[in-house]
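Scroll down for the structure; my scribbles are underneath it.
The values are calculated or read from the model by the stated rules, or taken from the named source; none is laboratory data. Everything numeric here is computed off the predicted structure, so don't read it as measured data. When we count neighbours, we look across all protein chains shown, and the Cβ atoms used for this are built from the backbone with ideal geometry, even at glycine.
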Amino acid sequence: MKKILSKLDKPLLIVTIIFFIFGLIMILSASSMESYMRYNYSPYHYFFRQAIFLGVGLIASLFVIIFPTKNYKKIDKVLLGTIILALIGLIFYGHVANQAVSWYKIGPFAIQPSEFAKIIIIIYLAVYYSKNKDKLDNQWNIIKPMIFIVIIAVLVALQPDMGTAVIIGLIALAIFYATPMEKKSRSIFNKIFIGGILLVVLVLIVAGGKFLQSYQLDRFNYFNPCDRYQEKTGYQLCNSFIAFKNGGIKGQGLGGSTQKYLYLPESYTDFIFPIIVEEWGLIVGIIIILIYMFVLFRIIQIARRANNLKNSLICYGVFVYLLLHIMINLLGVTGVIPLTGVPLPFLSYGGSYTICLMIALSLVQRVSIETNIQKQKELKKLS
């Protein structure tokens, strides 16, 4: 175990640990008032729960780090089948929260299968394309994995959770384009992809009002949200803007946010970034974005150094997974795009997402370990 841990990517490890600790502190600050009001005057309810999620994520991460990626080919189909069944099961046994049937309620906790679907898709596609890289001149070999991705994306969209469904589709698309293949195979996929996009657009045009819930359609009406404050459609985003304005350059200081006093809904989950800027200022907000860029850059470096295609695709998948969450959340809370309820990596409160994020980062660390082991073997041969 010590030998394995010694081969972890230290810069990535240190930055992620600091990020998670900072996130835990900010969850305590952002959630303290709501926790105090709801849970017997205790400001620590969400803080302790997030600490538990981090503990579970740490245990899961250790298993991922010691599990060789060569064994993924033995479990990828089992994982894929399990997650599809879990998503189907939500139709009958799902717990409703925030107008979506996305969770299984287990005692005081809830599990969100769609979060695990993102990680499983990365593993499945990385294994599939690395195993079939010489067979992608066949149309069926290109289409086959995408059938499963479409099934998963549709099941998630029906919950309804359009943000997660889009992320799943884009992760799959990115892994495909990261796979080296002949121009003919790429052309075949491009035609299939464009046809699929046109079909989705047609469905949304014809049945958008029926397929999308009213609160989802309201999200597209996000210009000048404070003009719609009284209508409630702009309430959340308007309070997000107020938090940014209150923070200014230097912020109000840790714990100094006023918007967390039940003005800004989801202040410790999807909207934690405005609270961070309100308390720490725009400078710290920019630093956080720069740290995200460092994490993403480090993952790309590990992907490029990977000793095989499968490991490289895993890293590219995690890169896109993180990038999409960062961009969708930050662009949403700043009013650039419609709100989708996507959590912000490292900082947002949430059990399933926190555990899955830690697993995703552990996949990258496992790739780094295997690359370092391979390099050591090559150096021994030369010496």
When (1) closer than 24 Å to I314 by Cα; (2) surrounded by fewer than 20 Cβ atoms within 10 Å (Cβ to Cβ); (3) over 18 Å from the mean Cα position of the chain (by Cα); (4) not aromatic (F, W, Y) are applied to I91, the one that fails is (1)
Next item on the list: Look at L344 and say whether it is part of a helix (DSSP H, G or I), over 20 Å from N71 (Cα atoms), at pLDDT 95 or above and not β-branched (V, I, T).
Entry: no
When the range 34-70 is checked residue by residue, the ones that are touching a helix residue (DSSP H, G or I) at 6+ places or on another chain (Cβ under 8 Å) and in a loop (DSSP other than H, G, I, E, B) are Y39, S42, P43, Y44, F67, P68
Checked the range 76-94 for anything more than 17 Å from A165 (Cβ to Cβ) and either outside any helix (DSSP H, G or I) or touching a residue at least 40 places away in the same chain (Cβ under 8 Å) (or both); matches are D76, K77, L79
Here the qualifying pairs (Cβ atoms under 8 Å; residues six or more apart or on different chains; first in the range 340-358 and more than 16 Å from I27 (Cα to Cα); second basic (K, R) and buried (at least 23 other Cβ atoms within 10 Å of the Cβ)) come out as C356/K118
Condition set more than 13 Å from the chain's Cα centre (by Cα) and assigned to a helix (DSSP H, G or I), scope the range 151-169, selection surrounded by the fewest Cβ atoms within 10 Å (Cβ to Cβ): answer is V154
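Quick check, is T258 of a type outside the set (A, V, I, L, M) and either within 25 Å of the chain's Cα centre (by Cα) or within 30 Å of Q376 (Cα to Cα) (or both)?
No: the conditions fail for T258.
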Practice prompt. Looking only at the range 305-325, decide whether some residue is modelled with pLDDT of 95 or more, buried (at least 18 other Cβ atoms within 10 Å of the Cβ), more than 30 Å from Y124 (Cβ to Cβ) and not polar (S, T, N, Q).
Written response: no
Among residues of the range 245-277 being surrounded by 20 or more Cβ atoms within 10 Å (Cβ to Cβ) and among the hydrophobic types (A, V, I, L, M, F, W, C), the residue nearest to S348 (Cα to Cα) is I272
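Yes or no, residue by residue, for (1) farther than 23 Å from I355 by Cβ; (2) over 27 Å from the mean Cα position of the chain (by Cα); (3) β-branched (V, I, T):
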| residue | (1), (2), (3) |
| --- | --- |
| M1 | no, yes, no |
| L5 | no, no, no |
| T16 | no, no, yes |
| S29 | no, no, no |
| S35 | no, no, no |
| N40 | yes, yes, no |
Across (1) in a helix (DSSP H, G or I); (2) of a type in the set (A, V, I, L, M, F, W, C); (3) over 20 Å from the mean Cα position of the chain (by Cα); (4) over 23 Å from I75 (Cβ atoms), V127 clears everything bar (4)
For the range 347-383, the count of residues that are crowded, with 20+ Cβ neighbours inside 10 Å, of a type in the set (S, T, Y) and assigned to a loop (DSSP other than H, G, I, E, B) equals 2
